[in-house]
Structure formats: C-alpha cells, structure tokens
1. Could you check region 91-120 and list, in sequence order, the residues that are assigned to a strand (DSSP E or B), touching a helix residue (DSSP H, G or I) at 6+ places or on another chain (Cβ under 9 Å) and either closer than 23 Å to Gln20 by Cα or touching a residue at least 40 places away in the same chain (Cβ under 8 Å) (or both)?
2. Would you confirm whether or not region 97-105 contains a residue that is more than 20 Å from Asp7 (Cβ to Cβ) and of a type outside the set (Phe, Trp, Tyr)?
3. For Gln20, state whether it is surrounded by fewer than 18 Cβ atoms within 10 Å (Cβ to Cβ) and under 18 Å from Ile130 (Cα atoms).
4. Can you list residue pairs whose Cβ atoms sit under 6 Å apart, with the first residue in region 45-69 being open to solvent by 10 Å² or more (accessible area, probe 1.4 Å) and the second being of a type in the set (A, V, I, L, M, F, W, C)? Count only pairs 6 or more apart in sequence or on different chains.
5. What residue, among those in region 72-90 that are β-branched (Val, Ile, Thr) and without any contact (Cβ under 8 Å) to a residue 60 or more places away in the chain, is least open to solvent (accessible area, probe 1.4 Å)?
6. Using beta carbons and a limit of 8 Å, which pairs, at least six apart or on different chains, have the first residue in region 8-30 and in contact (Cβ under 8 Å) with a residue 24 or more places away in the chain and the second one open to solvent by 20 Å² or more (accessible area, probe 1.4 Å) and assigned to a loop (DSSP other than H, G, I, E, B)?
7. For region 121-139: of the residues being of a type outside the set (Lys, Arg) and in a loop (DSSP other than H, G, I, E, B), which is surrounded by the most Cβ atoms within 10 Å (Cβ to Cβ)?
8. What number goes with the only condition from (1) in contact with a Phe, Trp or Tyr (Cβ under 9 Å, 6 or more places away or on another chain); (2) more than 23 Å from Gln145 (Cα to Cα); (3) open to solvent by 20 Å² or more (accessible area, probe 1.4 Å) that Lys31 does not pass?
Amino acid sequence: MTLKIGDQAPDFTLLSDQHQQTSLKNFRGKKVILYFYPKDNTPGCTREACDFRDNLQNFSKKNTEIIGISKDSIEKHQKFKQKYTLPFTLLADENGDICEAYGVINKKSLFGRSFLGIQRSTFLIDEKGIIRAIWRKVKVNGHSQQVLDELS
C-alpha cells in the first residue's frame, strides 16, 4: 500500500541520535517534516541536512519539527550531526521497517548493479498526524525551501 495525502502517518518508535526512544505521536500538536535519506556523510544527504539546518528558524516559526531517518546506526548519526552542527533529531531505522512502512525502499542501480535502498523522500505531517504533502525522488537543491513554501 502506498501512502497518500490525507492518510494517517504510520506511527513508529525509533532510537534517536541521543539514544532516546522517539515516537511520531510525541510530536502531536506540531507539524513534522519527516525526511528519509540514503546515508550520512554523502554529498547529497549532507547538502539536504544542511539546508534544513539553515532554514530551521523559519520552520520553527511555523510550529514545525524536522526529523531525519536513515538506516545508519546511532553512532553514525551522532558523528554526522556533530560534524555539521545539525540541530534536529536523526533516527536510526537500521532494520528498515519504518522505511518500508512509508514506502521509501526502492530498487536503485549504481555502476550497473541493482540493489534496494532508500529513495530520498519527505513527508509533511500535520498536528493531528495526517500526511499533508509528499515529495518522492527529491532533488536536493531547493527542496528545503520548497517544503517551507508548502507550510505558508
């Protein structure tokens, strides 16, 4: 089943970069930008995270939290977060269950070989846990601003 606008966002509980259990339901009352990305410390993922970081004040003014999810470990998230001074939560979905629930695991190819990986995707979830916007196959340049514009 593919998630669509108007669906209830699948709830989850994952460990954060601070080793804390974090659930989507804990953010009720705020909007959430839930973005899925392939891998810490890669060029596109770093640019995307830094763009969200640089726009954080504008998101905060709109009562919006940013949460990043990848299959990287908590330790990798901690290093990534520290290296780029990322002020938002990164969650470790090491077994990929949440990525599967949001439909972001897709067939990819690199240098002629195929594999399953995270397709860069973003979900705007409202204060009641309803999906209000979905971006799939995200192009990093300008994406943070595109998401911010959706909140206006």
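The values are calculated or read from the model by the stated rules, or taken from the named source; none is laboratory data. Everything numeric here is computed off the predicted structure, so don't read it as measured data. Neighbour counts are summed over all protein chains in view; Cβ atoms, including those assigned to glycine, are modelled from backbone coordinates with ideal geometry. Calculation scope for accessible area: heavy atoms of the full protein, side chains included, ligands and nucleic acids excluded. Shrake-Rupley method; radii C 1.70, N 1.55, O 1.52, S 1.80 Å.
1. Leu91, Ala92, Ile118
2. The answer is no, given that none of the residues of region 97-105 is more than 20 Å from Asp7 (Cβ to Cβ) and of a type outside the set (Phe, Trp, Tyr).
3. When the stated conditions are applied, Gln20 does not pass them.
4. Between residues of region 45-69 that are open to solvent by 10 Å² or more (accessible area, probe 1.4 Å) and residues that are of a type in the set (A, V, I, L, M, F, W, C), the close pairs are Arg47/Val140; Arg53/Leu86; Asn55/Leu148; Asn58/Leu148; Lys62/Leu151; Glu65/Phe27; Glu65/Val32.
5. The selected residue is Ile74.
6. Here the result reads Leu24/Pro10; Leu24/Asp11; Lys25/Asp11; Arg28/Glu127; Arg28/Lys128; Gly29/Glu127; Lys30/Asn63; Lys30/Glu127, each pair linking region 8-30 to a residue that is open to solvent by 20 Å² or more (accessible area, probe 1.4 Å) and assigned to a loop (DSSP other than H, G, I, E, B).
7. Val138
8. So Lys31 meets the others, but not (2).
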